[in-house]
Structures are given as structure tokens and as C-alpha cells.
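Worksheet: one structure, shown below.
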Amino acid sequence: MLFTSLDFFLFLPIVLIGYYLISPKYRWIFLLVASYFFYAGWKINYLGLIIFSTVVDFIASNLIFKTENKSKRRWLLGASLFINFTLLIVFKYFHFLIGGSHWFKNLANTNDDAMWLQFVFEYGIPVGISFYTFQSVSYVVDVYRKRTIPEKSFGKFALYVTFFPQLVAGPIERFEHLHPQLFKKFTPNWQHFRTGLQIMLVGFFLKMSVADNIGAFVSPIFNSPELYSLSTKWLGVLLFGIQIYTDFNGYTLIAIGCAHFFGVQLMDNFRLPYGSYSLKDFWSRWHISLSTWFRDYVYIPLGGSKSKKYRWFMAIFITFFLSGLWHGAAVNFIYWGILHGLYYLIEQAFFPIKKDRILPYWEKSIRWILTMSVVAFGWLLFRIDRMKKVKLFFQESEFLKTEISMDYLLIIPLFFFLIYELIVRKKRPNNFLDTQSTTIRWGIYLILIALIVMFANTGDLAFIYFQF
């Protein structure tokens, strides 16, 4: 069920009405059922998969908590991690690991014992599997580390895993932050709804007016780069950087706004990433819930910054390699992760920024250009579907050049997106809107609604990060 679909606009009011009509004691049960219904709206076949994963981690975490035997605790943690990541590998990476799905499809057609493989390849990747797997795994690991007391109610733990606003594309929430909010006593008021609507409105604008229209412009370029001039191809790369940011940030804002209706505050996932002066700074502002997850559950356990240089090098490299692999079962995502890892190491080894140092303007400019150049080239690797196409982006077309004349109307939502980035900056949209007068605030509402109505793209509305 897409946030931008008619189904969701019917689903959300019904859920809200039912949620507030039910006794507060049983609201969480209603919200759990609604979340399962929301997920089943994608493919009901995969509903059993998320339930199975939830059962495994619920049992493992409670058994870990009950025993002090170190060997048994490690075994239980290992079993949980093995099952979770095996499911992730089978449903997301199996065809990549064996070099393609054709052989297994043929096997499934001729061998009844391999029919499950046909199911895997026919139905595709379960939406959100990387997100809810990482969220559930973080909980089990925190219980193992004795940082979290496990939930004794399976249903309440299941709601933590499946809370529908952030179920399929994050933010990846930690148990200690999300779980208490789902069950606290909450009395709704107009401020909660106004805040939620303000944040969602900006999210819909970023997704429907900016990201979807840029997507219509850049997709033909990436599909057939040999047909376009050098300048057009690199304009497409730069615009894709805006597309993926507005698409994912738009989703996150809609999720944050929607959660406000239930008295839940989700974490911010973006803080003006394209204003970063270093790659380290970029990753502290981009997809924050994922970067902090890798920091806490991969980078630090591998030794982190306090380890010897060679171990630190390996920790950085492995973290970025896995980050690239997390994004998709394809070589281009691995190269994207390696690129970021290598530049991160070069940056920290040769020109790190000292913590309290104030950078002069000229140095800021140079660092920003270098950082954004790496990020832009990274987006080329991220978006390309075959690595053989990369060199085409550095060559003039040998064929009849096809120029895509950007629809001048597209400049309008891009202009308002730029204004949003410069003015709202690192704040949430509602924090900015609440400081304005009633006239200005309603003027902004009307402008955003008009832009959404005028520029809503009727094509493929799926969020980019749903594929991950």
C-alpha cells in the first residue's frame, strides 16, 4: 500500500477512527491488526515471513534474557542472527549469489522439491525485508548486551516490528525509543494532528511534485545513455541525486507525520545532507537510522576508531561494503559502498576535520565540491543497472544525439525545493511553520497543495527505497 495511493488515503482515516473509538487498553491490538493489513496490501504471501521472523526473535530474546550461561546466550543470539540473515539472503540475495535466477527457475519447473524457489523468484523481494530485519536484529542484540529488557507479550513486540508508518522503509527504530511510545497513555489533541499534517504535506510535496517528475526525466537517460549528449547525461546524474533525496526524505516525512497521529515521534532520517563538507559529515546526515545501525552493530564491534590502524581500516571498509550490499543484490551497489569507504579512508587519513576547528570559506568550498563530486559519482554507480554503462557517461554519444529538453514547469517545484532546503534546513517542517504568522502559514499550505495537484505524476509512484 503506497502512501501516495488512494488505498492509503482510505486506509488511514479508517484506522484513525477505529483507533480512537476503541478503549485505550486495546488500541495497540487494533494498531497491530492494521499494520498487518497494511503489509498484506503489498503481497499477502509474505505476511507469514514477517510473522515467522518476529516469532523467532521474540523467543530468542526472552530465552537469552532468562539465562546467564554465556555459551547458551551466544548460541541463542547466533541462532537468531542465522535465521534472520538466512531469510534475508534467500529472499533478497540468492539469485545474485548464484549468478542469476534462470537456472533455479528451470530447476523449479522440473523438480517438485524445488517449487519453493519458483515462489521466491516469481514474487520478488518482500517489501521492507531489510528494514524490519535490521530493526528486529538490533533488539535481539541489545537484549544480549543487557541494554534492553525483552517484551514479554508477543503481540506488543510484534507491533514494534510492524508499526505501519515506518514498516517498509524506515526509519529503522531502536526498541527503547519506539516501543514505549506505542503503549504510553496518549490523549489526542489538535496540535498532534496539525503537526502530523504539516509534516506529511511537505513529504507529499517532495515525493509527488519533485521526485516523481525528476524520475520521469532521468529514467530514459540511465536506460539508454548512449543516446544522449555528455552534458545531458551528467545533468541526469545530478538530478537523480535530488530525486533519491526527495523521494526517500519525502517518504520519511510522511511516515513521521503519520506516526504523530498515534502520539509517536519517529527519529529524523535526514539533516541537509547536501550541505556536507566531508563524507563523514554526509553519512551523519543521510539515512541516519541506517548509518547509526551500522555504526553500533558492525563498525564498533569490529573495533571502531579505538582499534589499531589496520583494524580501523578493515572496520571502515567492511562497514561500507555491507552498507552497499544492504542496498541491493547487484555489483553496482557493492562498488557504490566501496567508493564511499575508500574516499572516507582517504579523507580521514589525509585531510580530516578537527572537532573544534572553524573552516575558512575557501576551504569549506573546496571540501564541499570534493564531497559532492564523490557523492554524485556514487549516485551514478547506485542508479546504473549494468556496470558496462558507466563508461558511456564519460563519452559523447556516437549516435544521433537525443536531447531531453527539461520541461520548464519542472523548474517550479525544483525552485520551491531549493527554498525549502535553504530556509527549513535541519529543522522539521512543522518547527518552521509554527513560527510563522497565520497568513504566511496558510499561504504556504495553499502553495504546497497547488504544487502537488499541478505536478502529481501519474506514472510509477513507488518509493525508490522500497526495493531495498
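Shown in residue order for segment 225-241 are the 3J(HN,Hα) couplings computed by the Karplus curve 6.51 cos²θ - 1.76 cosθ + 1.60 at θ = phi - 60°: x, 5, 8, 10, 5, 4, 5, 5, 5, 6, 5, x, 5, 5, 5, 5, x Hz (x for Gly and Pro).
Under the √(5λ) rule applied to the eigenvalues of the Cα gyration tensor, what semi-axes describe the equivalent ellipsoid of the chain? Give them in Å, descending. Please report the intermediate quantities before stating the final value.
Values: eigenvalues 227, 177, 129 Å².
Three semi-axes, in Å: 34, 30, 25.
The three principal axes of the Cα atoms in segment 149-226 give end-to-end lengths of 58, 32, 16 Å, sorted in falling order.
One equal scatterer on each Cα of segment 7-69, no solvent, Debye formula: the resulting log10 I(q)/I(0) at q = 0.17, 0.23, 0.26 Å⁻¹ is -0.75, -0.96, -1.03.
Among 354-361, 28-35, how do they line up from the highest to the lowest mean number of other beta-carbon atoms within 10 Å?
On the way: 354-361: 8.0, 28-35: 18.1.
Highest-to-lowest ranking by the protection proxy: 28-35, 354-361.
Spin-label model, H177/E396: points 7 Å from Cα along the beta carbon direction are separated by 5.0 nm.
Along the chain, the exposed loop sites are GluC sites (Glu not before Pro) outside DSSP states H, G, I, E and B with at most 16 other Cβ atoms within 10 Å, and the longest stretch free of them is 69-395.
No value in this document is a laboratory result; all are computed from the given coordinates. The structure displayed is predicted, hence computed values, not measured ones. Because the Cβ atoms are built from the backbone with ideal geometry, glycine has one as well, and the counts that use them run over all protein chains shown.
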